[in-house]
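What follows is a single structure, written as structure tokens, with notes after it.
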Amino acid sequence: MPEHTSPEAAPERGAVAPASNRASTLAHEAAPRRIAVVGSTGGNLFSHGGDDPHRMLAEICRQADAGGFEVTTVQLVAAGASMDSVKDSTPAQLLTLRDGALTVAARGSLAEVNAAAAAHDAQLAAAVSAGEVEALVLVSADPQGVNAATVGAAVAAGLPAAGTGGSSIAAAQALGLNLVAASGTTGSTSTTRAVSYIAGLARHFGTRYRPVLGSAETADATGSPWRRVSVRGIMVGSLPAFIALALILAVGKIPGLDALTPVFDALIAGLPVVVAAVAARRVSGLGEVGLVAGVVAGVLSTAGGIIGGLVGGILAGALVAYLLRWTLARRFPVTTANIVAGGLSGLIAGLVVFLALAPLTNALGEGVKDAIEYLVALNPMLAGALAGLAIWPAIMGGVYHAAILPLVLLEMGEKGHSFFGAVDMVSLVMVSLGITLANVVRPRTSGERALAASGAAVNFGFGTFVEASYPFLFADKRVFAVALGSATLGGLVVGATGTEATAYLPAVVAPFVATDTVGMVLAMLVGVVVPFVAVLLINLRARRAAEA
């Protein structure tokens, strides 16, 4: 994604400060740059570290310190549930910094905390206008709501910002915020997000930054481990392994490389281990100890398929937390406690799946795959069209990451490719690419071109960040209708050709992981060309009307 830097951000290369200013300039450069962290625990983010806001903010502060920055202000709305399903009555807290320590500034219902956040936002906006803040970090922020004043002041001051959260970042971009690092949340962790924020700001300011990776055992093991169970978070956290599987499947189709078939078989057999490791690490809340328990459980759960690995990992993670407390309460040495908790919990959970649950979990995974194949076989074109029509409302309503993406991964875990994966790439990514490309070629206003170009680049190059088209969908109902119609038509072609594939890959790679390369190319062309032409005509008509 291109960086947008203002002329005031840094002196021209080679310029020398006047002698009278040189000492103050050096002093200013030696001081840490002041940044403010604003946002919330998010919707999809809630399953990726947002449910532990203290650790998430601590990681941002840790990386900021490594990059020569100082977090001077925090304004984070921490809800008791994902923002995709909250109500005004949902319990929430407003986290701020007071005397350098993270403090709960307000507590109550989400409506009450949002009101307190809006008041704090006005104060922060004044600090931004006064030059007391030099950069922003947006964490699933609300640029048109409780964070509107701060974002507006940052736009006026030309402050650089880095952030994550698909729809919120798209809204911030539409307002003209100078985003030097922006992306969605899927597949990220609190550490990778923090590194992304600070790396983007360091590039903007021209400072050196080396990420701080790895830490001592500081994980919080308080609370019930069952509260940390999130199937959505576990499956999405395992996504890189599924993408590796798809890439091996694609490379194995090249003539002369059929020797990679055993590699594909080994990867698909190892997926339950990956899922179990991610599950146990997340549920235990104990980092490497939970990870080891998950690997042990996953190795014993492979006969149960992806769902077997998921169950084994969750059981292992819960047992790790209980066993560690039990051993430490009895004054076991920490090393022994780790060995007992990590090894024994993984062994017990793995044996439960291996000896009792594997046939059931394997049958359940096979059943999901067979059910999808049966429904598609009944009427492939209708199934593809309905899937394409539903996928945009699903991602806007927070259902995509909770239901559709796990189905994609379950299908891939069974056979390496997915019907819903092909619909995802065609009806979401390609449609978003077509809409943004149309606004690059013929935007309604000059400011929309840069916004659309960054989104189009990410869609084409990485197969993600479909939220880049949100500003155009919400600005004109006709564009939203085009998106739904194009997604339906693209899904219809997917069903008609019987194509299965996956998303989260560059557009040029996706056809090669598909079961039908020609069919996938045709579906992708429909997905991108139809909205491109339609939105181009809509924009041309709007510009002519404005000129008239």
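Ellipsoid fit via the Cα gyration tensor, the stretch 373-497: semi-axes of 27, 15, 12 Å, each the root of five times an eigenvalue, largest first. Averaging the sequence gap over all C-alpha pairs within less than 8 Å and six or more residues apart, then dividing by the number of residues, gives the chain a relative contact order of 11 percent.
Looking at the chain, what % of the alpha carbon pairs are farther apart than 41 Å?
Value for the chain: 27 percent of Cα pairs lie more than 41 Å apart.
Measuring nothing but how far apart in sequence close Cα pairs (under 8 Å, 6+ apart) lie, relative to its length, the stretch 391-548 scores a relative contact order of 31 percent. Using the Cβ-Cβ distance between residue 521 and residue 382 with R0 set to 35 Å, the FRET efficiency from 1/(1 + (r/R0)^6) comes to roughly 0.95.
When the chain is fully extended, how far beyond the present Cα-Cα distance does residue 231 get from residue 203, taking 0.36 nm per residue of separation?
6.5 nm
Could you rank 375, 97, 355 by how accessible they are, 1.4 Å probe, largest area first?
Solvent-accessible surface, decreasing: 355, 375, 97.
Inter-label distance, residue 132 to residue 251: 5.4 nm, where each label sits 7 Å from its Cα along the C-beta direction. One decimal place: the segment residue 481-residue 445 gains 10.9 nm when fully extended, by the rule 0.36 nm per residue minus the C-alpha distance. Bridge orientation summary for the chain: considering DSSP beta bridges with both residues in this region, about 40 percent are antiparallel.
Annotation: extensible slack from residue 474 through residue 325 equals 48.6 nm (criterion: 0.36 nm per residue apart, minus Cα-Cα distance).
Per-residue SASA remark: residue 207, around 60 Å² accessible (1.4 Å probe; ligands, DNA and RNA not included). Taking every lysine pair in the chain that is 8 or more places apart or spans two chains, those with Cα atoms closer than 28 Å amount to 4. Between residue 542 and residue 244, the simple label model (points 7 Å from Cα in the Cβ direction) yields a spacing of 4.4 nm.
Express the relative contact order of the stretch 159-205 as a whole percentage, based on alpha carbon pairs under 8 Å and six or more residues apart in sequence. Once divided by the residue count of the stretch 159-205, the mean separation gives 46 percent.
Using a probe of 1.4 Å on the protein chains alone, the accessible area found for residue 323 is around 30 Å².
Can you give the FRET efficiency to the nearest 0.05 for residue 85 and residue 261, using r as the Cβ-Cβ distance and R₀ = 56 Å? Rounded to the nearest 0.05, the efficiency is 0.85. Evaluated with a Cβ-only charge set (Lys, Arg +1; Asp, Glu -1), the chain carries a dipole of roughly 400 debye about its Cα centre, given to the nearest 20. The alpha-carbon atoms of the stretch 26-166, seen along their principal axes, cover 50, 30, 28 angstrom, with the largest extent given first.
The values are calculated or read from the model by the stated rules, or taken from the named source; none is laboratory data. For clarity, every value in this text was computed on a predicted model and none was experimentally measured. Every residue, glycine as well, gets a Cβ built from its backbone with ideal geometry; the counts of neighbours run over all protein chains shown. Ligands, DNA and RNA are stripped out before the accessible areas are found, and what is left, the full protein with its side chains, is counted by its heavy atoms. Shrake-Rupley method; radii C 1.70, N 1.55, O 1.52, S 1.80 Å.
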